[in-house]
Structures are given as structure tokens and as C-alpha cells.
1. Just for strands (runs of 3 or more DSSP E) wholly inside region 51-97: which have at least 3 residues that are over 21 Å from residue 3 (Cα atoms)?
2. Determine which single condition residue 60 fails, assuming it passes every other condition in (1) exposed (fewer than 14 other Cβ atoms within 10 Å of the Cβ); (2) away from the ligand (no atom under 16 Å from the Cβ).
3. From the list 69, 102, which one is within 15 Å of the chain's Cα centre (by Cα) and within 16 Å of the ligand (Cβ to nearest atom)?
4. All but one of (1) surrounded by 13 or more Cβ atoms within 10 Å (Cβ to Cβ); (2) over 19 Å from residue 9 (Cα atoms); (3) away from the ligand (no atom under 16 Å from the Cβ) hold for residue 110; state the number of the condition that does not hold.
Ligand SMILES: [Zn+2]
């Protein structure tokens, strides 16, 4: 489950940011997760809970903002939405797609106290 490793790096970012801002507690952590990032939301929530234990973000609420997957379709010569990696172009059914967005996961922001 690679979500565990991802959650670890989220904790590092969150703790680093909180410390740099003189915070004692983190109340909300907002993550952006692309629909094509291959991060499973349920697994991510579970991993987050586990790795935040004993940290400043122990009681933090995890908010996940999902971003759409987008790709450039060669035959259509336009940008299209793709729900999942490996899906064909919704307009023409082609698999000649180049993913252009929705691939990453990042910490959007945190709320501290
Ligand atoms: Zn197309």
C-alpha cells in the first residue's frame, strides 16, 4: 500500500509547516488528489490516521479535494476529461491520449492553532 509512504510525506510537510508557523496543533489538513494519481481515497484516509498518531496533526480533520483527470486526445486535437487511467477518449474512443492533469497529489493547505 503506497498510501502509507505518501501519508508519511504528508505528515512531514504538515509538521514542518506547522512548526515554521509556531503552531501547537493542526486542526485541518487539505489534500488535493488527482483522479489519475492512483491514490486510493479510503486507503489514504486510513494511512493518514495511522501516521498522524502522536503528531501535531493527531486530531486533524482530513479534507480531500479531488481534481479531474484531463488528457490531450491526438485524433480529436482537444483536451478531454478522463475518469480513470487507461480509459479511452470519451469523444472518439481513441486510446491515443496524453495525460495532462489530475496525476498528482499535494497538500493544499492546513489550518493550525
Ligand atoms: Zn478523442
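Each reported figure results from applying straightforward, stated rules to the coordinates on display, with no laboratory input. Please read these numbers as outputs of a predicted model, since none were measured by experiment. Neighbour counts run over all protein chains shown; Cβ positions are idealised from the backbone, glycine included.
1. Strands (runs of 3 or more DSSP E) meeting the threshold: 69-73, 78-82.
2. Status for residue 60: all satisfied but (1).
3. On the way: 102 fails: within 16 Å of the ligand (Cβ to nearest atom).
Of 69, 102, the one residue that is within 15 Å of the chain's Cα centre (by Cα) and within 16 Å of the ligand (Cβ to nearest atom) is 69.
4. For residue 110, the failing item is (2).
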